[in-house]
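What follows is a set of notes on a single structure, which appears directly below.
The values are calculated or read from the model by the stated rules, or taken from the named source; none is laboratory data. These numbers come from a predicted model, not from an experiment. Glycine gets a Cβ as well: all are built from the backbone with ideal geometry, and neighbour counts include every protein chain shown.
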Amino acid sequence: MLGREYYKTHTEQVKQRIKKWRDEDPNRVKAHNVVKWAIKSGKIIRPTICQCCGEYSDRLEAHHHSYQPEYWLDVKFLCVSCHRQLHEDLIKQGKELT
């Protein structure tokens, strides 16, 4: 797997990027953790169909439209390509998650 090999050779860079990502918005980290807990506890069931394109995927990602606490469990499950495209579109529109 390319990701693991990259991590092995760039461990410090990856750790710095993760720390920066966490420090930029603590609510983002909390929102991700709440969704993980909700999935583990059965409060949310991770679907296997992308809510954007309708394709099957066993690697769906939860997309938050906001990182405000009241929206932490308000997520769409998207395949990797749809999730990436959605964020690219948001960046082009100058919209940022809050």
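Set side by side, the residues Lys8, Lys36, Lys40 differ, and just one is in a helix (DSSP H, G or I) and modelled with pLDDT under 95, which is Lys8. Is it the case that some residue within the range 46-58 is modelled with pLDDT under 95, exposed (fewer than 10 other Cβ atoms within 10 Å of the Cβ), in a loop (DSSP other than H, G, I, E, B) and not hydrophobic (A, V, I, L, M, F, W, C)? Yes - at least one qualifying residue is present in the range 46-58. Within the range 23-36, being over 14 Å from His83 (Cβ atoms), surrounded by 13 or more Cβ atoms within 10 Å (Cβ to Cβ) and without any contact (Cβ under 8 Å) to a residue 40 or more places away in the chain holds for Val29, Val34. The set of residues in the range 65-86 being assigned to a helix (DSSP H, G or I), surrounded by 13 or more Cβ atoms within 10 Å (Cβ to Cβ) and out of contact with any Asp or Glu (no Cβ under 6 Å at 6 or more places or on another chain) consists of Tyr71, Ser81, Cys82, Gln85, Leu86.
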